[in-house]
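Reviewing the structure listed below.
The values are calculated or read from the model by the stated rules, or taken from the named source; none is laboratory data. Because the structure is predicted, anything quoted here is derived from the model rather than measured. Counting neighbours? That spans all protein chains shown, and the Cβs are built from the backbone with ideal geometry, glycine included.
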Amino acid sequence: MLILGPVARPLEDLSAKPARQGGATLVDPRGDSMPSRPAPVPPDDLSRELTVARPDHDQSLPHIGLVGDTYTILVTGEDTAGKYTLIDMHVPPGGGPPPHRHDFEEMFTVLDGEVRVTFRGETLVARAGETINVPANAPHAFTNATDTPSRLLCMCAPSGQEEFFTLVGQPVATRKEAPPPLDADAQAAFIAKSTALAAEYKTELLPPPGAE
C-alpha cells in the first residue's frame, strides 16, 4: 500500500526563509528559525475616552453646510486616533456632491429616503436600510432625486474628510438647517478654495458628465 504524506524538506530549505514578527526574525536559542506568532493585543489606552454623539438632540455638534446639504460631524479623527470619521448627512431634494474621487474608503448607510448614486459611470438607487461602500480612488457622486429629504450615515477611513468639510463649508446651527445660498462671487470663492485644498485632503474634483 502506498501512503502519501508531506514531502520531507532539507534542513537548509526550512531555514531559507526565517519567520518574521513585527519586522524582526524569530530565532530559538539553537539558532534555528521559529514559527511566527501574532503580536499581542496592545494595552488599553486610558488617554482615549468614549465618544457619544446624539445628533437629533445635541446642537453643539459641528453642523456644516456644503453644496446645499448639511453634514453633522459625529465622530472625528481626533476621537478615533485617525482611523475613521463618521458624518450624519442631511441631503435635501436636489442635494448631493458633484463627481469626485478620493484616496480613502467611503461607506454610506441610507437611514431615511434614498439617493441616486453614480459609480464609475453607472447609476443605482440606494434606499433606506441599504449600505454601499465606495472603494478608494473610484469616481462617484450622489444626488437626492426625490422631493423629500434623505439622511445618510457616512464613514470615511482613514479620517480627514471631516476637516476638509469644515474648511470649505459654512457652519449652520442645526442638523437640518440649510446653508445660505451663495451669490456668484461666493460660489467662485468656494470653488477656488475647494480646488486648492482638495489635493491636501487626498481628493480630486471631477468635471460633470459630458463636460469637456
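Listed by first and then second residue, the pairs linking a residue in segment 101-117 that is on the phi < 0 side of the Ramachandran plot to a residue that is acidic (Asp, Glu) and modelled with pLDDT of 95 or more, with Cβ atoms under 6 Å apart and 6 or more places separating them unless they lie on different chains, are Arg101/Glu204; Val110/Glu130.
Just a yes or no: is a residue in segment 82-102 surrounded by fewer than 19 Cβ atoms within 10 Å (Cβ to Cβ), part of a strand (DSSP E or B) and polar (S, T, N, Q)? Walk me through how you get there before you give the answer.
Going residue by residue through segment 82-102, those that are surrounded by fewer than 19 Cβ atoms within 10 Å (Cβ to Cβ) are 82-83, 92-94, 97-100.
After this cut, where a residue has to be part of a strand (DSSP E or B) as well, the list is 100.
Subset that is polar (S, T, N, Q): none.
Looking for residues that are surrounded by fewer than 19 Cβ atoms within 10 Å (Cβ to Cβ), part of a strand (DSSP E or B) and polar (S, T, N, Q), one finds none in segment 82-102, hence no.
At pLDDT 95 or above and touching a helix residue (DSSP H, G or I) at 6+ places or on another chain (Cβ under 6 Å), is that true of Tyr71? In short, yes. Scanning segment 179-197 for residues that are within 25 Å of the chain's Cα centre (by Cα) and either in a helix (DSSP H, G or I) or loosely packed, with under 14 Cβ neighbours inside 10 Å (or both) returns Phe190, Ile191, Ala192, Lys193, Ser194, Thr195, Ala196, Leu197. For segment 132-187, the set of residues classified as hydroxyl-bearing (Ser, Thr, Tyr) and under 22 Å from Ala198 (Cα atoms) consists of Thr143, Ser159, Thr166, listed by residue number.
Considering each of Glu204, Glu200 in turn, give the residue that is at pLDDT 95 or above and in a helix (DSSP H, G or I). Steps first, answer last, please.
Values: Glu204 fails: in a helix (DSSP H, G or I).
Exactly one residue qualifies, and that residue is Glu200.
Condition test on Ser47, is it closer than 30 Å to Asp183 by Cα and free of Cβ contacts under 8 Å to residues at least 12 places away in the same chain? I'd like the intermediate steps shown before the answer.
Numbers: closer than 30 Å to Asp183 by Cα: no; free of Cβ contacts under 8 Å to residues at least 12 places away in the same chain: yes.
So Ser47 fails the test.
From the list Ala141, Ala136, the lone residue that is more than 26 Å from His57 (Cα to Cα), within 13 Å of the chain's Cα centre (by Cα) and not basic (Lys, Arg) is Ala136.
Looking at segment 67-90, which of its residues are within 22 Å of Ala188 (Cα to Cα) and touching an Asp or Glu at 6+ places or on another chain (Cβ under 8 Å)?
Those that are within 22 Å of Ala188 (Cα to Cα) and touching an Asp or Glu at 6+ places or on another chain (Cβ under 8 Å): Thr70, Tyr71.
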